[in-house]
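Q: Have a look at this one.
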Amino acid sequence: MASGATAMASAVWWWWRPRRVVVRGGSMTPTLQAGDHLLVVRSRRARPGEIVALVDPREPERVLVKRVAQVGPSGLAVLGDNAAASTDSRHFGPVPASSLLGRVRYRYAPADRVGRLGSAHEASQSRR
């Protein structure tokens, strides 16, 4: 029975294990800055306002970090917080849900910016 529990724990860890992503560029400023190190938790779903990591539809080996603007039958519309510096769904349209790698949940570096990340709604509530 212990080996069954171990196998289950391994399967859960494999699915939920976080992915590490480093921000490059200024498309998500002021929320995220170049050099921020993020933990991304795998997910098959995203809600508007959440920050997500996804496969770049133009360069599949590249990972993008954007905020979900809309979720619809044609996929996810994602936008950068800094529209002037962002290439996003305004340029390449909605992305298929299968491109979603997960939700950005935590910034672990640099030390002075460490903390939990959530949706725009969560962030506005925490500032009150």
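The values are calculated or read from the model by the stated rules, or taken from the named source; none is laboratory data. Just so it is clear, the model here is predicted, and its values are computed rather than measured. In this analysis, Cβ positions are derived from the backbone assuming ideal geometry, glycine residues included, and neighbour counts consider all displayed protein chains.
Q: Across segment 60-77, which residue is farthest from Ser98 (Cα to Cα) among those that are small (Gly, Ala, Ser) and surrounded by fewer than 15 Cβ atoms within 10 Å (Cβ to Cβ)?
A: Here is the first cut: in segment 60-77, the ones small (Gly, Ala, Ser) are 69, 72, 74-75, 77.
Filter once more, so that each one left must be surrounded by fewer than 15 Cβ atoms within 10 Å (Cβ to Cβ): 72, 74.
Values: Gly72: 13, Ser74: 11 Å.
My answer is Gly72.
Q: May I pose another question? Just for segment 84-97: of the residues that are assigned to a helix (DSSP H, G or I) and modelled with pLDDT of 95 or more, which one is farthest from Ser43 (Cα to Cα)?
A: So in segment 84-97, the residues assigned to a helix (DSSP H, G or I) come out as 84-85, 89-92, 97.
Right, trim to modelled with pLDDT of 95 or more and you get 84-85, 89-92.
Values: Ala84: 28, Ala85: 26, Ser89: 20, Arg90: 23, His91: 24, Phe92: 22 Å.
Residue satisfying both the conditions and the ranking: Ala84.
Q: Do you know which residues across segment 24-42 are small (Gly, Ala, Ser), surrounded by fewer than 16 Cβ atoms within 10 Å (Cβ to Cβ) and on the phi < 0 side of the Ramachandran plot?
A: Ala34
Q: Now a separate question. Within segment 57-113, count every residue that is closer than 17 Å to His37 by Cβ and among the hydroxyl-bearing types (Ser, Thr, Tyr).
A: Residues flagged as closer than 17 Å to His37 by Cβ and among the hydroxyl-bearing types (Ser, Thr, Tyr) within segment 57-113 amount to 2.
Q: For the subset of segment 78-100 comprising residues that are surrounded by 19 or more Cβ atoms within 10 Å (Cβ to Cβ) and of a type in the set (A, V, I, L, M, F, W, C), which member is nearest to Pro57 (Cα to Cα)?
A: Val95
Q: Separate question: Can you tell me how many residues within segment 48-59 are surrounded by fewer than 16 Cβ atoms within 10 Å (Cβ to Cβ) and touching a helix residue (DSSP H, G or I) at 6+ places or on another chain (Cβ under 9 Å)?
A: The initial filter retains those residues of segment 48-59 that are surrounded by fewer than 16 Cβ atoms within 10 Å (Cβ to Cβ), namely 48-49, 56, 58-59.
So of that shortlist, the ones also touching a helix residue (DSSP H, G or I) at 6+ places or on another chain (Cβ under 9 Å) come out as 48-49, 56, 58.
Qualifying residue count for the region: 4.
Q: Now for a different question. Out of curiosity, is Ala34 at pLDDT 95 or above and part of a strand (DSSP E or B)? Step through it out loud before you land on a result.
A: Details: at pLDDT 95 or above: yes; part of a strand (DSSP E or B): no.
Judged against the criteria, Ala34 is not a match.
Q: Give segment 44-70 a look and list any residue that's in contact with a Pro (Cβ under 9 Å, 6 or more places away or on another chain) and either outside any strand (DSSP E or B) or not aliphatic (A, V, I, L, M) (or both), or say none.
A: Result: Pro57, Arg67, Gln70.
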